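No value in this document is a laboratory result; all are computed from the given coordinates. Owing to the predicted nature of the structure, the values given are computational and were not obtained by experimental measurement. Please note: Cβ atoms are built from the backbone with ideal geometry, for glycine as well, and neighbour counts cover all protein chains shown.
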Amino acid sequence: MATLDSAVAGAPDIPQVSLRNVHLSFGSNEVLKGIDLDVGRGRAVSIIGPSGSGKSTILRCLTGLLTPQGGAITVSGTRVDLLRAEPERIELRKRVGFVFQQYNLFPHLTVLQNLVVAPLRVLGRDRAGAESDARRLLQRVRLEDKIHAYPGELSGGQQQRVAIARALAMHPELILFDEVTSALDPETVGEVLTVIRELVDEGMTCVLVTHEMQFAEEISDEVYFTEAGRIVEHGPARQLFRSPASDRTRAFLARALNNPGKGEASAPLHPYDRQQALRLKLFAV
Ligand SMILES: Nc1ncnc2c1ncn2[C@@H]1O[C@H](COP(=O)(O)OP(=O)(O)O)[C@@H](O)[C@H]1O
Ligand SMILES: [Mg+2]
């Protein structure tokens, strides 16, 4: 489909996402202390690390929701850190899918309506095209039988799969996943991970913040371990998980692997995130 075609098109050796020496503070709280990170086209990169280490902040920077005080951020050739006008940021958010821990579907709209609202309003698609796209995406996340259901009638895992389909409906060039399984009942985590795994296999560029260590090892080309606003180390998934260079990575992994599926308790959604999620719902996902 077009989404994946556009994800794999272009030069594979130029990173689709790159951060260089990115610094970001909230007041006196320095949250990102010089982040360098690259994601190649069609690659899957995971960011792991303790709660509060800056993982979500990195993702928010990629969509222009936060502007760093220093450094450079490039997404598909756009210098995101230099965008100042809101219309430019909205253009960027059309190209970057973002799936959150809280799926934030519109409760008063059916699954189908949730999937077509942004393509109709933001991309100006025609209804017939947007609806046939939505049906195809629902097949892909195995929810075609829920097309006329309301979010409240679905399990958490099903709602999260709708949220992924909604992100795909915008034909993004890459998708960011921020702890999308952390709030789910354990029995529905697998179905969501399966959908993400398929996207990765099909060549969608994905950046994932996750506590699912086994999953991260299995699907990621590259893994970054963050702590206190720094990248402690990064490398091919197998290397980072099996023979980490840093004692800090080793200690984190030991803790995480002793609490499979949980890792560090994830922080509740920041009010700022709620506000941004509501905006994104209309303008980017
Ligand atoms: N909008 C905000 N305003 C002030 N502080 C924030 C904001 N967002 C995040 N922070 C702070 O930045 C730090 C990193 O947060 P975050 O990126 O959410 O970490 P992680 O995703 O790794 O758990 C935390 O100390 C958090 O409290
Ligand atoms: Mg976070």
Förster radius 41 Å - calculated FRET efficiency between L109 and D247 (Cβ-Cβ, nearest 0.05)
0.25
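Taking the Kirkwood radius as the inverse of the mean 1/r across Cα pairs, report the Rg/Rh of the chain. Walk me through the numbers before you get to the answer.
On the way: Rg = 17.9 Å, Rh = 19.0 Å.
When Rh is taken as the Kirkwood radius, the ratio is 0.94.
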Out of every Cα-Cα pair in segment 174-266, what percent are more than 21 Å apart?
29 percent
Reachable aspartates and glutamates from K146, Cα under 17 Å, same-chain residues fewer than 8 places away excluded?
E131, D133, E191
Is there a quick way to get the dipole size of the chain? I mean about its Cα centre, with the Cβ of Lys and Arg at +1 and of Asp and Glu at -1; what is the value in debye to the nearest 20?
580 debye
Taking every pair of alpha-carbon atoms in segment 51-116, what share in percent sits in each 10 Å bin, from 0 to the bin with the longest distance?
18, 43, 28, 10, 1
Measure off 7 Å from each Cα along the Cα-to-Cβ vector at Q214 and D201, then give the distance between these two points in nanometres to one decimal.
1.8 nm
Mind checking which aspartates and glutamates have their C-alpha under 15 Å from K94, skipping anything on the same chain fewer than 8 residues away?
E86, E173
With a point put 7 Å past each Cα toward its Cβ, work out how far T78 is from A128 in nm, to one decimal.
3.1 nm
Segment 10-111 - Rg (one decimal) and Dmax (whole number), Cα, Å:
14.7, 44
Please provide three numbers in whole Å: the alpha-carbon extents of segment 80-146 along the principal axes, with the largest listed first.
44, 30, 23
1/(1 + (r/R0)^6) with r = Cβ-Cβ of D185 and R238, R0 = 41 Å, i.e. FRET efficiency to nearest 0.05, evaluates to 0.90
Alpha-carbon spread of segment 30-174, three principal axes, descending order, Å:
47, 34, 28
Sorted by chain and then number, the residues having a modelled amide H within less than 5 Å of the amide H of T205, at least 5 places away or on another chain, are G42, I175
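Tally the DSSP beta bridges in the chain and give the antiparallel ones as a percent, rounded to 5. Don't skip to the end; give the middle numbers.
Details: 22 of 39 bridges.
Among the beta bridges of the chain, antiparallel pairing accounts for roughly 55 percent.
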Could you list which residues have their amide H under 5 Å from that of V17, counting only those 5 or more apart in sequence or on another chain, with H placed in the peptide plane?
V39, S76
Using θ = phi - 60° and the Karplus relation 6.51 cos²θ - 1.76 cosθ + 1.60, list the HN-Hα couplings for segment 88-104 in order, rounded to whole Hz, with x at every Gly or Pro.
5, 5, 5, 4, 4, 5, 5, 9, 10, x, 9, 10, 9, 4, 8, 6, 6
Grab the DSSP H runs of the chain that are 4 residues or longer, score each as -39,500 (n - 2.57), total them, divide by all residues and round the 222 nm result to the nearest 500 deg cm²/dmol.
-12500 deg cm²/dmol
Along the principal axes of its C-alpha atoms, what lengths does segment 94-198 span, in descending order and rounded to whole Å?
38, 28, 22
